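A quick write-up on the structure given underneath.
What follows draws every value from the coordinates through simple rules; no lab data is involved. The model shown is predicted, which means the values in this text are computed figures rather than measured ones. Note that each Cβ is placed from the backbone with ideal geometry, even for glycine, and that neighbours are counted across all protein chains shown.
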Amino acid sequence: MWWEAFDGESAELLRTVRRLTDLLIGPRAAGDAAPTGLPPAVWGIGSAPDEKGRWIRPLVVVNESAVREAGDAVAAGRYVLRDLLTMTHRNRLTDLLAEWDVPEDALVDVTGRPEAAADVHSTDAVRYAYAAHHATVGMPCVLRDSGSPGFITAGHLVDRSGVRVSVDATGPGGGRRVDGEVVCWQDPFRTPGEPGWDYAVVRLTDPADSVRPYAHNGPAPPPGRYPVVRGATVYRRMNTPAAVGTINGALAALGDDQRRWLNVWSFAPSGLLVRGDSGSVALRDDSTVLGHFVGGSGSSPASFDFQYIQDLQSCLADGLGGEVLLAPVGG
């Protein structure tokens with residue numbers, strides 16, 4: 001599990017999140033989508049703060065179309081489950097939440113399908129299968145085996161390790177193209193249905209090149225130790241304003257059988273991040289690194305109602321830390 005319990009209240013929350021996560025990714029996952037031919041009713045399971053900022057609520061991310069199957073006009077957004085039940089007639093989703101014994105004080109995010117946030121423009125020239133995909137240079141790093149400079153970005157930008165990418169660099173001396181190679185790669189798309197990591201480590205081809213550093217205080221701690229909601233900033237593409245918001249959830253698993261992320265933060269408010277911002281670094285207000293933006297969900301293709309950040313500490317602990325060093329450390 002992403003985090004450990006530290007008192008009785010957090011132990012109960014941990015048991016609930018673990019139980020619901022097992023149901024989500026089990027053989028009858030997400031509302032028996034296979035036998036009915038319908039899309040999943042549940043997208044994700046995690047935890048979130050209550051109205052006082054205490055991190056004690058279970059969090060369920062659900063399919064907005066399942067909420068509205070009985071004709072109920074429920075807008076995308078966050079609800080307390082007991083309130084949501086008064087707004088809807090019995091449907092596939094309500095039956096599933098009752099079967100799973102989801103607590104009535106759980107928070108429920110009603111939204112569309114979570115999607116990766118790499119961007120393809122209709123006017124892009126296609127030079128390679130993934131040449132038209134756009135993401136953002138993320139956390140600077142150093143490759144442990146070679147000492148070469150590099151950076152961490154979203155894994156769904158490419159389809160495998162060894163792929164060459166190019167960066168539209170905007171450093172001193174004006175814009176130029178900087179080449180790199182993906183040397184370490186994970187994408188849950190390659191393991192359908194199983195939660196996984198979404199990152200790519202890019203080594204810069206020319207060792208004389210470098211990535212502008214972020215002052216930081218190391219990876220952020222796991223959600224169970226948060227006493228209150230914390231502010232966060234996502235550093236988007238050059239010449240694009242940084243997105244300033246808060247972390248309002250931590251999902252142990254999120255997505256569907258095509259791509260399901262493991263350990264992602266929910267970032268609010270809505271509409272701050274767009275397609276193409278994948279890989280953007282997210283820092284808490286204490287300068288600890290949350291991770292990088294990987295995707296979002298919502299009703300409109302133009303923006304996201306909910307935005308998700310891959311947890312860096314989890315990735316480092318599960319293999320990435322053996323490949324890279326973060327640099328620099330200290331604000």
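Suppose R0 equals 30 Å. What FRET efficiency, 1/(1 + (r/R0)^6) with r the Cβ-Cβ distance, do GLU99 and ASP159 give to the nearest 0.05? Write down the numbers at each step before the final one.
On the way: r = 37 Å, r/R0 = 1.24.
My answer for the efficiency is 0.20.
Starting from the Cα-Cα distance between ALA5 and GLU181, subtract it from 0.36 nm times their residue separation and give me the gain in nm to one decimal. Don't skip to the end; give the middle numbers.
Values: separation 176, 0.36 × 176 = 63.36 nm, distance 3.98 nm.
Gain on stretching ALA5 to GLU181: 59.4 nm.
Which FRET efficiency, nearest 0.05, do VAL74 and ASP285 yield, Cβ-Cβ r, R0 22 Å?
Values: r = 33 Å, r/R0 = 1.48.
It comes to 0.10.
What longest region of the chain stays clear of chymotrypsin sites (Phe, Trp or Tyr not before Pro) that DSSP places outside H, G, I, E and B and that have at most 13 other Cβ atoms within 10 Å? Kindly include the intermediate steps, with their values, before the conclusion.
Numbers: sites that count: PHE6, TYR128.
Free of exposed loop sites, the longest segment is 129-331.
For every other residue with a beta carbon closer than 13 angstrom to the beta carbon of ASP318, add +1 if it is Lys or Arg and -1 if Asp or Glu, then tell me the sum. It would help to have the intermediate numbers written out before the result.
On the way: positive: none; negative: ASP198, ASP311, GLU323.
Combined, the nearby Lys, Arg, Asp and Glu give -3.
Answer rounded, prolate or oblate for segment 8-115, using the Cα gyration tensor with square roots of eigenvalues a ≥ b ≥ c: rounded when a/c is under 1.5, else prolate when a/b is larger than b/c, else oblate. Don't skip to the end; give the middle numbers.
On the way: a/c = 1.89, a/b = 1.30, b/c = 1.46.
Taking the square roots of the gyration eigenvalues as a ≥ b ≥ c, segment 8-115 is oblate.
Dividing the convex hull volume of the Cα atoms of segment 195-300 by its residue count, what figure in Å³ per residue is obtained? Display every interim value, and only then the final one.
Numbers: hull volume 14.2 nm³, N = 106.
Each residue corresponds to 134 Å³ of Cα convex hull volume.
FRET efficiency for ARG90 and SER166, Cβ-Cβ distance as r, R0 = 51 Å, nearest 0.05?
Working: r = 53 Å, r/R0 = 1.04.
Step by step, r from the Cβ atoms, then E = 0.45.
Once you charge only the Cβ atoms, +1 for Lys and Arg and -1 for Asp and Glu, what is the size of the charge dipole of segment 8-115 about its Cα centre, to the nearest 20 debye?
Numbers: 13 positive and 17 negative charges, 30 e Å.
Magnitude of the dipole: close to 140 debye.
Report the one residue of ALA117, GLY44, VAL211 whose Cα lies farthest in the direction of the positive end of the charge dipole of the chain (charges on C-beta: Lys and Arg +1, Asp and Glu -1; origin at the Cα centre).
Sorting the options by dipole projection puts first VAL211.
If you count the DSSP beta bridges with both ends in segment 8-115, what percent of them are antiparallel, to the nearest 5? Can you show the working numbers first?
Numbers: 11 of 16 bridges.
In segment 8-115, DSSP labels about 70 percent of beta bridges as antiparallel.
Quick check: residue separation of ASP318 and ARG18 times 0.36 nm, minus the Cα distance between them. What number comes out in nm?
Numbers: separation 300, 0.36 × 300 = 108.00 nm, distance 1.88 nm.
Contour length minus Cα-Cα distance gives 106.1 nm.
Does anyone have the angle between helix 8-25 and the longest principal axis of the chain? Alpha-carbon axes, 0 to 90°, nearest 10?
80
Name the residue from PRO269, LEU283, VAL60 whose Cα lies farthest towards the positive end of the charge dipole of the chain, charges +1 on Cβ of Lys and Arg and -1 on Cβ of Asp and Glu.
So the residue furthest toward the plus end is LEU283.
Taking the number of other C-beta atoms within 10 Å as the exposure measure, put CYS184, CYS315 in order starting with the fewest.
Values: CYS184 20, CYS315 24.
Result, fewest neighbours first: CYS184, CYS315.
Counting pairs of Cα atoms in the chain, how many percent are more than 29 Å apart? Before the final figure, lay out the partial values.
On the way: 19633 of 54615 pairs.
Of all Cα-Cα pairs in the chain, 36 percent lie more than 29 Å apart.
Dipole size in debye (nearest 20) for the chain around its Cα centre, Lys and Arg Cβ +1, Asp and Glu Cβ -1?
Numbers: 30 positive and 40 negative charges, 122 e Å.
Computed about the Cα centre, the dipole is about 580 debye.
Give the range of the longest stretch in the chain that excludes all trypsin sites (Lys or Arg not before Pro) found in loop regions by DSSP and having at most 12 other beta-carbon atoms within 10 Å. Numbers along the way, then the final one.
Values: sites that count: LYS52, ARG90, ARG127, ARG144, ARG160.
Longest run free of exposed loop sites: 161-331.
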